[in-house]
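Where a number appears in this text, it was derived from the coordinates with a stated rule and is not lab data. Nothing here was measured: the structure is a model prediction, and the numbers come from that model. Positions of Cβ are generated from backbone atoms using ideal geometry, with glycine treated the same way; all protein chains shown enter the neighbour counts.
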């Protein structure tokens, strides 16, 4: 997720610096041009096998 977030920042996307990690994956957020918060999720494969 960190690499994706860095790429988004380079492209001018507003990236919220907070990342939360749980047993089933990581969550991060970005903000679109209309001000809507969008959640990004990177699942941990082991949680879904």
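Any idea which of 18, 26 is in contact with a strand residue (DSSP E or B) (Cβ under 9 Å, 6 or more places away or on another chain), on the phi < 0 side of the Ramachandran plot, in a strand (DSSP E or B) and exposed (fewer than 10 other Cβ atoms within 10 Å of the Cβ)?
18
How many residues does region 18-35 contain that are within 14 Å of the chain's Cα centre (by Cα) and farther than 27 Å from residue 48 by Cβ?
2
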